[in-house]
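So the structure is just underneath, and the comments pick up after that.
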Protein chains: 2
Amino acid sequence: MRLSRSFGKTLRNAPADAETASHKYLTRAAFVQQVAAGIYSYLPFGQRSLTKISNIIREEMDSAGAQEVSMPVVQPRELWEKSGRADTYQPPLASLKDRRDRDMVLAPTHEETTTFMAAANLESYRDLPFNLYQIQTKFRDEARPRAGLLRVREFEMKDAYSFDKDEEGLDVSFQAMAAAYHRIFNRSGIDVRMVEADSGPIGGKDSNEFVLLAESGEDTIFVCSDENCSYAANAEKAEFKKPAAEPEQARDLEEVHTPGIKTIEGLAEFLETPVSKTVKAVFYAPETSTGDEIVFVSIRGDLEVNETKLRNAMDGAEPRLATPTEITAAGLVAGSASAIGLDADDGPRSRAKITSIVDDSVVESPNLVAGANKTDYHFKNGNYGRDFNGDVVTDIAMASEGDACPNDCEGHLVAHRGVEVGHIFKLGTKYSETMGATFVDEDGIEKPALMGCYGIGVGRLLAATIEANHDDKGMILPRAIAPYEVYLAGLNTNDETVVAVAAKVYEDLTSAGVEVLYDDRDVPPGVKFNDADLIGLPLRVVVSARGLKNGEIEMKRRDADDATMAPLADVVGAVKAALL
Amino acid sequence: MRLSRSFGKTLRNAPADAETASHKYLTRAAFVQQVAAGIYSYLPFGQRSLTKISNIIREEMDSAGAQEVSMPVVQPRELWEKSGRADTYQPPLASLKDRRDRDMVLAPTHEETTTFMAAANLESYRDLPFNLYQIQTKFRDEARPRAGLLRVREFEMKDAYSFDKDEEGLDVSFQAMAAAYHRIFNRSGIDVRMVEADSGPIGGKDSNEFVLLAESGEDTIFVCSDENCSYAANAEKAEFKKPAAEPEQARDLEEVHTPGIKTIEGLAEFLETPVSKTVKAVFYAPETSTGDEIVFVSIRGDLEVNETKLRNAMDGAEPRLATPTEITAAGLVAGSASAIGLDADDGPRSRAKITSIVDDSVVESPNLVAGANKTDYHFKNGNYGRDFNGDVVTDIAMASEGDACPNDCEGHLVAHRGVEVGHIFKLGTKYSETMGATFVDEDGIEKPALMGCYGIGVGRLLAATIEANHDDKGMILPRAIAPYEVYLAGLNTNDETVVAVAAKVYEDLTSAGVEVLYDDRDVPPGVKFNDADLIGLPLRVVVSARGLKNGEIEMKRRDADDATMAPLADVVGAVKAALL
């Protein structure tokens, strides 16, 4: 392609709100244009990259035995009522009324539609397994779209859905997809790590994310420091060995005066006890609550609440911090609250609907300092089971760097920033049961199919690649997903020989199957070099009067510091070798 | 692909509301599944056909020099306010509020977005021409989706937009697209006719439709009977030579008593004059009018109103018939109305906003019988210009079969039914002016770009092909767009040799690059034959015990009546030859 004929102009400046490298460079290099917050058009360069990524994905999905389908963007809300997600999906479903006043939604994902499709075409165990995928447009009305293509509202996504007759089959399908994902990212030229992840609004038990490590990533992942340990997890999901409390005999509960003490740190200091010997109360409410519901969280003073784990403990309801008004109305005393006495005659539970969720660390730690539910007083020697109880006891603690790895190893957790580029889930029967995707098994019994689902954001993969591969001049694109392989420039546009040779090199390379972007513009060399660096094609080839004197052209890999000279006579061979 | 592993079950019965062949067969053959009215999922067979059509389109667009982009489904309403189409587009834009309470729409077409993109990347005449295309999802909230994929609400469309510096350039771009369209339809194996068409809500002056002739088509097209004449037009647009009135001296206006006469036919009979010597009044209102606006149409008694032409005469406002209440309120007398006296002191124009639109036939016909605007009275010798006038005089008459061709030939119009599969438009500067897609020309003057736009509905092309190519057993798919090329069946599933040979033929054909759907199911031959006919792949290959006795397999083209036998030894050669 001649650059003079290629649509799209590179920009000297990125938009004012562009903070991440991919946002800046994708905009400046004319890969994308913003149409609204989180909504983009792809210009020819961007579209070419998108197509290359899509083709890699398609080939690997096909070779893993998945079958391509396509499902609609606009769907009846009814379908989502069937699965139970119409009102609970996060972010909330974008909704509209059609001309006939029917409630429609824009699909953020397609579990419902696929299950509906499967239900109509599944009869017997002989029909299983199958795996359906599409590369298709999704809409998620994110509250805060950001970072260009990293967090958008409308996007192209490859989503696949597997159906199996039993858990063993699901394991096989899940592993096949994990393997396909590794191949896809490998072929795209990016280095990802598979980590354990929370399943979020998609649901199901197990899920794994594929994360590309990059400083600007919005996700934190923890990786075990022990080389022999494979533990890696998103911070939302990460577990760790909590520092164990020393075993002690339970002592008698004892009220102590703690004048002016409002924080756990202050309390520990005042009572000369470690924070790990205290229990902290944190008040939440379900996001949708209008004021009469409190989630009373008890966690050891040395730990912090992980709100994703808390959401799972709240059966998927999104938690928010309770307001001072809500706390007071429930008769809770901020700064001196504990689960002790929640059920007292005139206690908090007599005034508000309170769910007590207790981190498992509290259960195993004896003789904790806890709130006395009156200002300036605390208890010593609070013991779970004897002095207070929880409606739910589970792990709701946030892992931090340095925490002990949950695996049976000597390692500790090391934090990295990363961008999620893929996510695979074991859904189980969550959708097949509610939406009737059942089959008659060999034993004659009707059963719901076991499902998995598997997503990759196509544009996000491009953006993440740039986050991990750029310098201060522009992108450094892997060959497999760059819009072209070679940026060819003739420098001295007044020199007829240079122009003729550059045109000849363009033709020769193109005929040899190399994808060339030929900068044939009549602009100064500096402009061409800047655009070459910005657009970040793997190899720059320069034809100049100086080089031609020696019968040479200049080649520079975008990811190398120095240029090399190659004989003009073997330009095709030299370029092909340099691209490897 | 082994049919036993391919997702989707053929159905014995079509859905009750399926009336057209494509709707019935695409559903029964598991190409598509309806999700809501006018909203479909594509199953693997359908998706494969869609991909093949898309690839043909993509190749021809690329080779015509168009550049692929992609633009969003969800867009800010603001963009449509800029072009002036936010409230006028038909069908009305599907609209939603996003989480931040912004007005968004689902794009039914992308003139606005492309022009917005062009405006940001167009500076000089040197940047022109360019042509941007995408294959992308559209949503049009049709009031009455019907006929399966023929009239849907959500669909994949290839839309291209050309930008040129002048009319000559636009002509070149337009012709290049017309040529590409002919190649696309040719390669897809379907026979289309290019006809003149109305531009509808897309706007612009000239447009051509590509129509596939099929009885079930919802469009009527007229083609000239003269073989040497190329005239062909959609009925909405079709012109014709109106029977000329005999020249006469204008006679004096004369009121006549016409007791009980309410129709033009009755009037002509009563006055013993041909209907072509009468002028008929028809009352319309703009669809959005709430009752105080009348469009008073005068047309010769022998002609009917073409509402598409009328809409254009109304500057694009959709016409509807006026209600009896509206007519009476305006002081108009149905059955005896005419434009004569519209402006009388106490006349209709003193009571309502009335636009008088007159078909050009009326202007050229002297001494017409017209209404006298009082019950049971008419005028003789009404003459346009002397007795009444029109605010707009133009052609608003509907062509009928047998009408004289508008070209300079001896032919007449012959009606055909057809399905529109493509539409190309010369838009001119309609969008570039309002949305700022301007450039500085060689003369230093800033000018708006001249635009064209070019659409093909991908799914519609598949459905139209089936409308034109089917029998009572199923589809007859052209090789280029069939999901597979060969339907291979082994008949005697209990015969190990048959099973082994069929599997071997499957492998041999697949290795030779033939796309085979191998019916490996353990079902009776009748089921296999029925499915083969229903799915309609170009060639059926049957391995049977009887054939193998002679070392032969059976081949039957789906579009042929009879099967032939071919030597098993050369099955690949025979199949490849039969596919040509």
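This table checks each residue for (1) in contact with a Pro (Cβ under 7 Å, 6 or more places away or on another chain); (2) in a strand (DSSP E or B); (3) not polar (S, T, N, Q); (4) not assigned by TED's automatic domain parsing to the domain that holds B:E304.
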residue: B:A399; (1), (2), (3), (4): no, no, yes, yes
residue: B:C409; (1), (2), (3), (4): no, no, yes, yes
residue: B:G422; (1), (2), (3), (4): no, yes, yes, yes
residue: B:L427; (1), (2), (3), (4): no, yes, yes, yes
residue: B:S432; (1), (2), (3), (4): yes, no, no, yes
residue: B:G452; (1), (2), (3), (4): no, yes, yes, yes
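Are any residues in the stretch A:110-122 within 7 Å of chain B (Cβ to nearest Cβ) and over 30 Å from the mean Cα position of the chain (by Cα), and if so, which ones? Across the stretch A:110-122, the qualifying residues are A:A120, A:N121.
The criterion of at least 1 residues that are surrounded by 14 or more Cβ atoms within 10 Å (Cβ to Cβ), touching a residue at least 40 places away in the same chain (Cβ under 8 Å) and among the aliphatic types (A, V, I, L, M) is met by the following strands (runs of 3 or more DSSP E) wholly inside the stretch A:477-580: A:486-490, A:516-519, A:539-543, A:552-557.
Matching residues to (1) β-branched (V, I, T); (2) out of contact with any Cys (no Cβ under 8 Å at 6 or more places or on another chain); (3) surrounded by 21 or more Cβ atoms within 10 Å (Cβ to Cβ):
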| site | (1), (2), (3) |
| --- | --- |
| B:L122 | no, yes, yes |
| B:P129 | no, yes, no |
| B:T137 | yes, yes, no |
| B:E142 | no, yes, no |
| B:V152 | yes, yes, yes |
| B:K158 | no, yes, yes |
| B:S162 | no, no, yes |
| B:Y181 | no, yes, yes |
| B:M194 | no, yes, no |
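Number of residues in the stretch A:396-425 that are farther than 24 Å from A:V192 by Cα and either of a type outside the set (D, E, K, R) or crowded, with 17+ Cβ neighbours inside 10 Å (or both): the value is 2. Just to be sure before I move on: is B:D343 part of a loop (DSSP other than H, G, I, E, B), in the same structural domain as B:E269 (by TED's automatic domain parsing) and farther than 23 Å from B:H257 by Cα in the structure I sent? No. Here A:K426 meets each of (1) on the phi > 0 side of the Ramachandran plot; (2) in contact (Cβ under 8 Å) with a residue 12 or more places away in the chain with one exception, condition (1). Scanning the stretch B:359-380 for residues that are surrounded by 20 or more Cβ atoms within 10 Å (Cβ to Cβ) and free of Cβ contacts under 8 Å to residues at least 60 places away in the same chain yields a single hit, B:N373. Could you look through the stretch B:81-109, keep only residues that are at the interface with another protein chain (Cβ under 8 Å from one of its Cβ atoms) and aliphatic (A, V, I, L, M), and pick out the one that is nearest to B:M71 (Cα to Cα)? The selected residue is B:L106. Looking across the stretch B:58-71 at every residue that is away from chain A (no Cβ under 11 Å) and more than 22 Å from the chain's Cα centre (by Cα), the one that is surrounded by the fewest Cβ atoms within 10 Å (Cβ to Cβ) is identified as B:S63. Does B:E304 fit the bill of being charged (D, E, K, R) and either over 28 Å from B:A415 (Cα atoms) or without any contact (Cβ under 8 Å) to a residue 60 or more places away in the chain (or both)? No: the conditions fail for B:E304. Taking (1) of a type in the set (A, V, I, L, M, F, W, C); (2) in a helix (DSSP H, G or I); (3) closer than 25 Å to B:P91 by Cα in turn, B:V211 satisfies each apart from (2).
Tell me, yes or no, whether the stretch A:206-223 has at least one residue that is over 30 Å from A:A107 (Cα atoms) and surrounded by 16 or more Cβ atoms within 10 Å (Cβ to Cβ). Scanning the stretch A:206-223, I find at least one residue that is over 30 Å from A:A107 (Cα atoms) and surrounded by 16 or more Cβ atoms within 10 Å (Cβ to Cβ), so the answer is yes.
Of the residues screened, A:A143 is one that is facing chain B (nearest Cβ under 10 Å), free of Cβ contacts under 8 Å to residues at least 60 places away in the same chain and within 22 Å of the chain's Cα centre (by Cα). Within the stretch B:1-27, being among the hydrophobic types (A, V, I, L, M, F, W, C), crowded, with 20+ Cβ neighbours inside 10 Å and within 9 Å of chain A (Cβ to nearest Cβ) holds for one residue alone: B:F7. Within this structure, A:D292 fails the test of being out of contact with any Gly (no Cβ under 9 Å at 6 or more places or on another chain) and modelled with pLDDT of 90 or more. Scanning the stretch A:34-50 finds one or more residues that are closer than 30 Å to B:D101 by Cα, of a type in the set (S, T, N, Q) and modelled with pLDDT under 95. Quickly run through the stretch B:342-358 and pick out the residues that are within 27 Å of B:K309 (Cβ to Cβ) and either of a type in the set (K, R) or touching a residue at least 40 places away in the same chain (Cβ under 8 Å) (or both). Once the filter is applied, which keeps residues that are within 27 Å of B:K309 (Cβ to Cβ) and either of a type in the set (K, R) or touching a residue at least 40 places away in the same chain (Cβ under 8 Å) (or both), the stretch B:342-358 yields B:L342, B:P348, B:R349, B:A352, B:K353, B:I354, B:T355, B:S356, B:I357, B:V358.
Within the stretch A:83-114, restricting attention to residues that are acidic (D, E) and more than 17 Å from A:E156 (Cα to Cα), which residue is surrounded by the most Cβ atoms within 10 Å (Cβ to Cβ)? Among them, the one singled out is A:E112.
Evaluate the stretch B:127-134: report whether one residue or more is away from every other protein chain (no Cβ under 12 Å), of a type outside the set (V, I, T) and either touching a strand residue (DSSP E or B) at 6+ places or on another chain (Cβ under 7 Å) or within 22 Å of B:H23 (Cβ to Cβ) (or both). Before you say what the answer is, go through the steps one by one.
So in the stretch B:127-134, the residues away from every other protein chain (no Cβ under 12 Å) come out as none.
No: the stretch B:127-134 contains no residue that is away from every other protein chain (no Cβ under 12 Å), of a type outside the set (V, I, T) and either touching a strand residue (DSSP E or B) at 6+ places or on another chain (Cβ under 7 Å) or within 22 Å of B:H23 (Cβ to Cβ) (or both).
In the stretch A:146-169, the qualifying residues are those that are more than 11 Å from every other protein chain (Cβ to nearest Cβ) and in contact with a Gly (Cβ under 6 Å, 6 or more places away or on another chain), and the one that is nearest to A:Q33 (Cα to Cα) is A:L149.
In this structure, does A:A214 turn out to be touching an Asp or Glu at 6+ places or on another chain (Cβ under 6 Å), modelled with pLDDT of 90 or more and of a type outside the set (V, I, T)? It is false that A:A214 is touching an Asp or Glu at 6+ places or on another chain (Cβ under 6 Å), modelled with pLDDT of 90 or more and of a type outside the set (V, I, T).
Here is a yes/no grid of residues against (1) surrounded by fewer than 17 Cβ atoms within 10 Å (Cβ to Cβ); (2) not in a helix (DSSP H, G or I):
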{"residue": "A:L267", "(1), (2)": "no, no"}
{"residue": "A:E272", "(1), (2)": "yes, yes"}
{"residue": "A:F283", "(1), (2)": "no, yes"}
{"residue": "A:F296", "(1), (2)": "no, yes"}
{"residue": "A:T308", "(1), (2)": "no, no"}
{"residue": "A:L332", "(1), (2)": "no, yes"}
{"residue": "A:G335", "(1), (2)": "no, yes"}
{"residue": "A:S338", "(1), (2)": "no, yes"}
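For the stretch B:28-57, the set of residues classified as assigned to a helix (DSSP H, G or I), within 11 Å of chain A (Cβ to nearest Cβ) and more than 22 Å from the chain's Cα centre (by Cα) consists of B:P44, B:F45, B:Q47, B:R48, listed by residue number. So which residues in the stretch B:285-302 are within 23 Å of B:E239 (Cβ to Cβ) and under 25 Å from the mean Cα position of the chain (by Cα), if there are any at all? Result: no residue meets the conditions.
The values are calculated or read from the model by the stated rules, or taken from the named source; none is laboratory data. Remember, it's a predicted structure, so these values are computed and weren't measured experimentally. Don't worry about glycine lacking a Cβ; one is built from the backbone with ideal geometry, like all the others, and counts go over all protein chains shown.
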